[in-house]
Structures are given as C-alpha cells and as structure tokens.
Amino acid sequence: MTSPFEYAPAPESRSIVDIKPSYGLFINGEFVDGHGKAFKTISPATEEVLAEVAEADEADVEKAVKAARKAYDKVWGPMPGRERAKYLYRIARIIQERGRELAVLESLDNGKPIKESRDVDIPTVAAHFFYYAGWADKLEYSGFGSTPLGVAGQVIPWNFPLLMLAWKIAPALACGNTVVLKPAETTPLTALLFAEICQQADLPPGVVNIVTGAGDTGRALVSHPDVDKVAFTGSTDVGRAIAKAVAGTDKKVTLELGGKAANIVFDDAPIDQAVEGIVNGIFFNQGHVCCAGSRLLVQESVAEEVLDRLKRRMSTLRVGDPLDKNTDIGAINSAEQLARIRELSDIGEAEGAGRWSPACDLPSNGFWFPPTLFTGVTQAHRIAREEIFGPVLSVLTFRTPSEAVEKANNTPYGLSAGVWTDKGSRILHMANQLRAGVVWANTFNKFDPTSPFGGYKESGYGREGGRHGLEAYLKGGVK
Ligand code: NAD
C-alpha cells in the first residue's frame, strides 16, 4: 500500500549551522589539536563528509583529566552551589536561544528527523540544564549529602547525542564535579558545539572537557586513575568491559545499557491510541532508542484488528530526508548499524517469522531501512531476544495477564515497558509485576528531567534524571 498523502518537500535550511572543516579537542576551555589521528564524521542521510574530528589518544585524555582535576580543586569544587547554578541557567538559556542551530546540526550528524531534534531532543536538553540548575544550591535536601566526587569520566552513545550529554553533564556540574566527556565517534558535532556554548557562557576553563574519538579513547578515559566517577551509556557488551576495567578501584560507576521493552496491548485498550503508542514506541528515532518498545505483546482476541490498523498507520510513515519537516523516519546512523539491523531481520525471516514493510521509496545514497514488523514471533526467535536498535517490531501474542507478564519479563534486559488498557487496577498490577525501570501506561517514550530513568538486570545500574540522578554524583550516594 502506498501512502495516501503526498506532501511537497519542506526541508529546514542548513544555513544556520556553521560546520568547520576540522575540529580539535576541547580541553581547559579551549580547542586544541590532538596528538592522535583525525576521523571523519558523515551525514548518514547522504554519506557527505561533514567534518574531520581529532581522535584523542592517551596523552590527550591525560591532559583533559588534569584540566578537570585542576578546575575541580581550584574553582568548581569550592564554588557555592548558587554560583554554579548561574552557569547552568546560562547554559540552558543559550541552548534555547541556539536551539534551531543545535537541532539542524543534530539531524545532519545523526540522521534523525528534524521534527524530533527540534521538538524533543533539544527542548529536553535545555530542560535538563534548567532542572539541575535548580538543584545546585539545594543539594543538602537531596538525601545524598552535598559533597561532590571530583572528576567524572563520561562516555555516551550516538542515538541521542546532545540529550545523553545533558543527562551526564547537567547533574555532574550541579553537584560540583568537573567532567571529561567522550561523545560517540559517529556523532561528535553537537558536543563540540556545546563546547562553544560553554565558552559563550564563560564557564571556567576545565570544568567541561570534550575528548572525541572511538572505543580506545573511551577506554583510556574510564581507566584513567584520576577519574573518580565513570558514567557510561551504551551497549551491554561495552558496559560489561567497563565494569571489569573499573573493578577493584574506588571509582563509582553508573551504567545505562541496552533494552528490549515489551509494549503490551490488552483487549480493552483504546486501539487507535495504542497503535499511535506502538508506532511511537518503535519508530521514534528510527528505533535507535534503548527503551524502544521493540516487542509488541498483543492480546490474542484483538491481535488481528491491532495489526490491521498498525499496518495501515505504518503505510503513512514518511521515510527520508532528516531535514524535511514532514519526515517521520530518518536515516540509520551508520553503515555498521544498518548491517546489524539487516542481519537480525534476515535471521528473523530465516527463523520463520512473517516479515512485512509498507511500500516506500528509500533514497539511493545514505543508510536506510523501512519500518518493518515481524508476525508469528516466538520467544525463541533471536528477534524477540536481541536488541535490534532499528525500526523493527517483533509481534507476539498472549491470552492472559500472567502470560503477558511472563513473556514481558522473559528477557535479560529490564529498562522499560508499556501497558495499554482501560483499567487502572490492571495498570498498577502490571507495573508491580514488570521488571522494568520505567513502565508507561497508555503512553510511551515520555521523558522528563524530574523523572528518574534506568534499568534492571543487563540494562545496567544507577538512575539518571530527577532527584535520584544526583546520587550518582554525590559522596552520600550508596554507589
Ligand atoms: P557502544 O557501547 O558501542 O558505544 C557507546 C560509547 O562507548 C561510544 O562513545 C563508544 O565510542 C564508547 N566505547 C566503545 N568501546 C569502549 C570501551 N571499551 N571503553 C569505553 N568506551 C567505549 O554503544 P552504541 O552503539 O554507541 O549505542 C547503542 C547502545 O546504547 C544500545 O545498546 C542502547 O540500548 C544503548 N543506550 C542505552 C541508553 C540507556 O539509558 N540505558 C540510552 C541510549 C543508548
């Protein structure tokens, strides 16, 4: 079925961003050349090279940690909370002012639709800085003391580049820590623009340092002996390697890892709203979402109706230019990620699940994958167990609430879940039974800086966001 709607292209202009041909590292308040090589960052929608970025080696990481330590000892640590708050408020306001620039750059470097970077990512980034600015002079009421840890080494993934940066940097600075942050190698540009924002906000040198690079740079950062706190968001495999690397040291660690969330639709759910929630759950951000509702569990009696309506809705999704304001699904972030999505989808088909995608024309350059669903999926299928991290939905059915709970919890992960039902009592029952850090009821993928987020089991440990998010950056916290 082709889309019944036709729109004229409505691309956002990219003239607002000024991408430099090459970027250095942001250390001690200024951009400096790295000792190592450089790597290219590309637009995944066109494969156009956007810029060359320095790859920090051990000596660069050493320099960045030294700058952060000095800033912690001399300036940021001793600074009263109410003064730190002023900087955080200033950063939050500049993010709002430069919101369009940040959104366009994020969509260019990451491939996500402009309507998401503009309406979700960047406003939530600003909200995080505003929220934690408010905590900076009230830490004594946090329940975790008010003594910072020191230097935080932070490593983040590519799916929400600036939002993950905000989740890491805002609480760390509010609590009085200084940071060295490593963005993902495929999406360094908004972190480097954030570095310019730190300069614009007159943040004291060394309080925020940004070292770009890939796994080796991340490894050098998390294993640096003068880092007091490691905060990591990324895959469970790398999370495991980091847990090993810091075992036996005094470093505090938080790990935000992968997920395989169940989105559970009961037969009394408002079906149209549930279909919107399913679409939002798995196709938002091309499915590159740790808490994506990648397993649809639908009650058998309504399965046919839900699938019919879901297919109709999927046929209206527009895949294409991330900068087009009508685009619903943008580009897959990298060739590597596309290969993984293809491989797991092919395995799903080979294992006997029914594969379906709406007809859609994919651009010839860049990395693309159509919205896809698999029916007849069983719990033994790899597409039901492994994180695909793409726009691919596995559909399973259930008959009773206890079967839904059993299937939903049958995963090594435990990050999030969704429940769709008319009954409040059932929502409460399910929320108690599901082993997931976040349970959304009759909605999905809602984020707010006041609300803690984090996982159980192989989805990691520690919480980000809300009052709980302060615990990771204060000495009074348990971890
Ligand atoms: P990844 O683990 O491959 O990389 C994450 C970051 O770690 C990157 O910056 C990478 O350069 C760095 N890295 C790689 N090897 C390292 C090492 N040995 N030591 C230190 N750093 C290293 O993950 P990814 O592919 O970038 O991101 C996708 C994953 O992130 C998915 O599994 C997703 O579920 C997860 N994720 C989780 C959350 C959450 O809050 N739980 C949020 C977003 C993404």
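The values are calculated or read from the model by the stated rules, or taken from the named source; none is laboratory data. Note that the coordinates shown come from a computational prediction; the quantities given were computed from them, not determined experimentally. Cβ placement follows ideal geometry from the backbone for every residue including glycine, while neighbour counts extend to all protein chains displayed. These accessible areas exclude ligands, DNA and RNA; they are computed on the full protein's heavy atoms, side chains included. Shrake-Rupley method; radii C 1.70, N 1.55, O 1.52, S 1.80 Å.
Quick notes on this one:
- Phi-derived couplings, Karplus 6.51 cos²θ - 1.76 cosθ + 1.60 at θ = phi - 60°, listed residue by residue for the range 221-233: 5, 5, 9, 5, x, 9, 8, 8, 9, 10, 10, 10, 10 Hz, with x used for Gly and Pro.
- Accessible-area order (highest first, 1.4 angstrom probe) of the listed residues Glu464, Glu471, Glu406: Glu406, Glu471, Glu464
- Counting DSSP beta bridges with both ends in the range 262-449, the antiparallel % (nearest 5): 10
- Accessible surface for Glu47 stands near 90 Å², nearest 10, in the context of the full protein assembly shown (1.4 Å probe).
- Helix axis angle, 161-174 relative to the chain longest principal axis, alpha carbon, degrees: 50
- Going by accessible surface with a 1.4 Å probe and the largest first, His224, His35 read His35, His224.
- Stretchable slack from Arg14 to Val32, in nm (0.36 nm times residue separation minus alpha-carbon distance): 3.8 nm
- Solvent-accessible surface ranking, highest first, for Ser425, Ser294, Ser235 at 1.4 angstrom: Ser425, Ser235, Ser294
- Under a 5 Å amide H cut-off, with hydrogens placed 1.01 Å from N, Asp324 pairs with Glu12, Ile114 among residues at least 5 apart or on other chains.
- Val302 accessible area, 1.4 Å probe, all protein chains in place, Å² to nearest 10: 10
- Length gained on full extension, His429 to Ser364, computed as 0.36 nm times the residue gap minus the Cα-Cα distance: 18.6 nm.
- Database remark: amide H of Gly293 closer than 5 angstrom to the amide H of Ile282 (H placed geometrically; neighbours at sequence offset of 5 or more, or on other chains; Pro and chain starts carry no H).
- Under a 5 Å amide H cut-off, with hydrogens placed 1.01 Å from N, Leu393 pairs with Thr372, Leu373, Phe374 among residues at least 5 apart or on other chains.
- Sequence-ordered 3J(HN,Hα) estimates for the range 13-26 from the Karplus curve with 6.51, -1.76 and 1.60 and θ = phi - 60° stand at 5, 8, 5, 5, 9, 10, 8, 7, x, 8, 10, x, 9, 9 Hz, glycine and proline given as x.
- Cβ-derived FRET efficiency at R0 51 Å, Asp346 paired with Asp272, nearest 0.05: 0.95
- Mean-position separation - Cα centroids, the range 309-376 and the range 79-112, in angstrom: 32
- The range 19-130 shape via C-alpha gyration tensor axes, a/c threshold 1.5: oblate
- Glu47 paired with Ala245, simple spin-label distance in nm, labels 7 Å along Cα-to-beta-carbon: 3.1
- Proximal charge balance of Thr41 [Cβ under 9 Å; K/R count +1, D/E count -1]: -2
- Folded to 0 to 90 degrees: helix 236-246 orientation relative to the chain principal axis, Cα: 30
- ³J(HN,Hα) computed for each position of the range 450-461 - Karplus, 6.51 cos²θ - 1.76 cosθ + 1.60, integer Hz, glycine/proline x: 7, 10, x, 9, x, x, 10, 6, 6, 7, x, 9
- Calculated SAXS-style log₁₀ I(q)/I(0) at q = 0.07, 0.11, 0.12 Å⁻¹ - the chain, Debye, Cα scatterers: -0.35, -0.88, -1.04
- In the chain, the longest principal axis of the Cα atoms and the axis of helix 99-110 are about 70 degrees apart.
- Estimated at the nearest 10 Å², the accessible area of Cys360 is 50 Å² with a 1.4 Å probe.
- 9 Å beta-carbon shell around Asp228, net charge (K/R +1, D/E -1): +1
- Computed [θ] at 222 nm, deg cm²/dmol, the chain (DSSP H ≥ 4; -39,500 (n - 2.57); rounded to nearest 500): -11000 deg cm²/dmol
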